[in-house]
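What follows is calculated from the coordinates using simple rules that are stated; it is not laboratory data. Just so it is clear, the structure is predicted and the values come from calculations on it, not from any experiment. Note that we place each Cβ from the backbone using ideal geometry, even for glycine, and neighbour counts take in every protein chain shown.
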Amino acid sequence: MTYEIEKSDAEWRAELSPEEYHVLREAGTERPFVGEYTDTKTVGVYGCRACGAELFSSETKFDSHCGWPSYYAPLAGDRVQYIEDVTMGMRRVEVRCARCGGHLGHVFEGEGYDTPTDQRYCINSISLTLKPTTG
Ligand SMILES: [Zn+2]
């Protein structure tokens, strides 16, 4: 699997904080309810913290009460990549940044949330950078 942005582990370690590296490059998960964007309502676009690719809009962010920022759709389908994840004894779908391969979180569906897609993109705050819309 190749990405538009390819960097060595040493380069990523130099650019990212240890916590960012752990989540983005080692598919870690930040603790629930502590991420900086969990309850954020600011209007804007969420970009990949590793490469800056625009991934999610505040328009699709909703209150899932799950402890992580949740979106019902990505900004565009090809901005993210889906990978089947069978760790932790269950089948989940991992969501990665399609530009750099950075781990973002997981997507779940059919949970009954009142959203247009019935999907929940459960994303680590630390994988994202919010660019507020000005004007
Ligand atoms: Zn990225």
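Out of residues 5 or more away from Gly102 or on other chains, whose amide H comes under 5 Å of its own, with H placed 1.01 Å from N in the peptide plane?
Amide H neighbours of Gly102: Cys97.
Run the lone-cysteine check on the chain: no other Cys C-beta under 4.7 Å from the residue's C-beta.
Result for the chain is Cys66, Cys122, no neighbouring Cys Cβ within the cutoff.
For Lys7, which aspartates and glutamates qualify as cross-link partners when the Cα separation must be under 20 Å and same-chain residues fewer than eight apart are set aside?
List returned: Glu15, Glu19, Glu20, Glu26, Glu54.
Along the charge dipole of the chain, which of Tyr21, Thr42, Tyr113 sits closest to the positive end, that is, farthest toward it, with unit charges on the beta carbon of Lys, Arg, Asp and Glu (+1, +1, -1, -1)?
Thr42
Please give the length that would be gained between Val43 and Arg31 if that part of the chain were fully extended, namely 0.36 nm times their separation in residues minus their C-alpha to C-alpha distance (nm, one decimal).
1.9 nm
Could you tally the net charge around His106, taking each other residue with its Cβ under 10 Å from the Cβ of His106, Lys/Arg +1 and Asp/Glu -1?
Result for the neighbourhood of His106: 0.
Can you give the calculated 222 nm mean residue ellipticity of the chain, where each DSSP H run of n ≥ 4 adds -39,500 (n - 2.57) and the sum is split over every residue, rounded to the nearest 500 deg cm²/dmol?
Mean residue ellipticity at 222 nm (helix-derived): -3000 deg cm²/dmol.
Provide the per-residue ³J(HN,Hα) series for region 55-63, in order, calculated from phi with Karplus coefficients 6.51, -1.76, 1.60 and θ = phi - 60°, each as a whole number of Hz, with x at glycine and proline positions.
10, 9, 10, 4, 5, 9, 7, 9, 7
Mind ordering 106-116, 81-91 by average Cβ neighbours within 10 Å, highest first?
Result, highest mean Cβ count within 10 Å first: 106-116, 81-91.
What trypsin sites (Lys or Arg not before Pro) does region 1-77 have in DSSP loop regions with at most 14 other beta carbons within 10 Å?
The qualifying sites are Lys41.
For region 73-84, what does the Karplus curve 6.51 cos²θ - 1.76 cosθ + 1.60, with θ = phi - 60°, yield as ³J(HN,Hα) per residue in whole Hz, taken in order and with x for Gly and Pro?
Using θ = phi - 60°, the values come out as 6, x, 4, 8, x, 8, 7, 10, 10, 10, 9, 5 Hz.
Going by amide H atoms built from the backbone, whose H comes under 5 Å of the H on Ser57, apart from near neighbours?
HN-HN under 5 Å from Ser57: Tyr46, Leu75.
May I ask you to list the aspartates and glutamates whose Cα is less than 13 Å away from that of Lys41, ignoring any residue fewer than eight positions away on the same chain?
Glu59, Asp63
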